[in-house]
1. Hey, can you tell me all the residues within the stretch 118-145 that are among the hydrophobic types (A, V, I, L, M, F, W, C) and assigned to a loop (DSSP other than H, G, I, E, B)?
2. Got a sec? Which of Val79, Val119 is within 22 Å of Lys54 (Cβ to Cβ), among the aliphatic types (A, V, I, L, M) and in contact (Cβ under 8 Å) with a residue 24 or more places away in the chain?
3. With (1) crowded, with 19+ Cβ neighbours inside 10 Å; (2) assigned to a helix (DSSP H, G or I); (3) at pLDDT 95 or above as the list, and Ala102 as the residue in question, which single condition is left unmet?
Amino acid sequence: MKKNLLPAVTSLLCAFAMSTTLATNAENNKASAGEGSKGDNKAYLEEISSKIVKNYSVPSGFDVVKAKIGFDMDAEGNVNHLRLLDDEDAPAEGQSSVTRTALIKAIKNSAPFPSPGSVKKPVRMVALFKKTDAGQPVVCTVQMK
């Protein structure tokens, strides 16, 4: 009787070990696909924001900026479909074409960004720009939508 139990117990242990390994692999795949921890996403978005700010030059005479730019990012970090978004904090009608062009150019010149991971369709992103005083640098905050 004991001889018959050994193969069954061995099979159960192997099945348990296999399911644990598969679950661990699934967790690792999620993290590498841009679904990692909030800390990882925060660092990733800060890296993108920093890159955009480095490529933004304030047009002369435009000391105040409050704008929201939407764009799509593919799996390679390329951007498409850049557009000015209307928002309570950053109304589209208040932005001059010079400011709008400078903001969009900053995003275009910053691309390609680090890859967001293996995504099947482009990731929607929003960059919020704020500069409220001539003595202050522009602040850019990027979010995934």
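The values are calculated or read from the model by the stated rules, or taken from the named source; none is laboratory data. Because the structure is predicted, anything quoted here is derived from the model rather than measured. Neighbour counts run over all protein chains shown; Cβ positions are idealised from the backbone, glycine included.
1. Val119, Ala134, Val138
2. Within the list Val79, Val119, the selection yields Val79.
3. Failed condition: (3).
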